[in-house]
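The block underneath contains the structure these notes are about, expressed in structure tokens.
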Amino acid sequence: MGWSMIDYGEYWAHAHDSDQILFMTFASEFLDSSSEFVGETWLQDWKIYWLEHKADHANGCCDLDLQSHLLDGRRIKVFRDFLAAYRSRISRYGDEIPAEVINLKTAVPFYLQQMGPSRTSDLLAFVTTIEDLLSGNTQNKLVHRKE
């Protein structure tokens, strides 16, 4: 898998393509099952964007496209709430998420499927990077200010 970046506002962050795929896989599932967020049409649009682009490149969708979806303060607040609830949901898996669980949820091409389990801590760290990107926290070594 390759490296990409997540871009938002004045900041960008390094992101591993496989982490983005895993994040969006579970974000899509969580969104569909969440009574709190399922009615947010812009979150549904964001999910559809990912589903349409998840296999665009050899390493999958390499752009979460936050710029196009987090357009105002209300959406940012809802997205932060979504991330907090997502974090709680992912934590329920324990230390690892088995590959077969991930691959059942992804519906991505075979070449993008997980070959082994994924550490929950890696996925939670990815969520933290998104949160730090939104707040401009360059203390996170993956978050950088645009030059």
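The values are calculated or read from the model by the stated rules, or taken from the named source; none is laboratory data. Keep in mind the model is a prediction, meaning the values are calculated, not measured. Because the Cβ atoms are built from the backbone with ideal geometry, glycine has one as well, and the counts that use them run over all protein chains shown. Calculation scope for accessible area: heavy atoms of the full protein, side chains included, ligands and nucleic acids excluded. Shrake-Rupley method; radii C 1.70, N 1.55, O 1.52, S 1.80 Å.
Could you tell me whether any residue of the stretch 96-105 is under 16 Å from the mean Cα position of the chain (by Cα) and at pLDDT 80 or above? Yes: the stretch 96-105 contains one or more residues that are under 16 Å from the mean Cα position of the chain (by Cα) and at pLDDT 80 or above.
Table: residues versus (1) modelled with pLDDT under 85; (2) out of contact with any strand residue (DSSP E or B) (no Cβ under 6 Å at 6 or more places or on another chain); (3) surrounded by fewer than 20 Cβ atoms within 10 Å (Cβ to Cβ).
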site: 5; (1), (2), (3): yes, no, yes
site: 33; (1), (2), (3): no, yes, yes
site: 44; (1), (2), (3): no, yes, yes
site: 54; (1), (2), (3): yes, yes, no
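If you go through the stretch 56-67 and keep only what is modelled with pLDDT of 80 or more and on the phi < 0 side of the Ramachandran plot, you end up with 64, 66, 67.
Would you point out the residue of the stretch 106-126, among those that are among the hydrophobic types (A, V, I, L, M, F, W, C) and within 20 Å of residue 51 (Cβ to Cβ), that is modelled with the highest pLDDT? If we take residues in the stretch 106-126 being among the hydrophobic types (A, V, I, L, M, F, W, C) and within 20 Å of residue 51 (Cβ to Cβ), then 126 is modelled with the highest pLDDT.
Of the residues making up the stretch 32-47, those that are among the hydrophobic types (A, V, I, L, M, F, W, C) and assigned to a loop (DSSP other than H, G, I, E, B) are 37, 38. If only residues of the stretch 8-31 that are open to solvent by 50 Å² or more (accessible area, probe 1.4 Å) and part of a strand (DSSP E or B) are counted, the one that is nearest to residue 123 (Cα to Cα) is 14.
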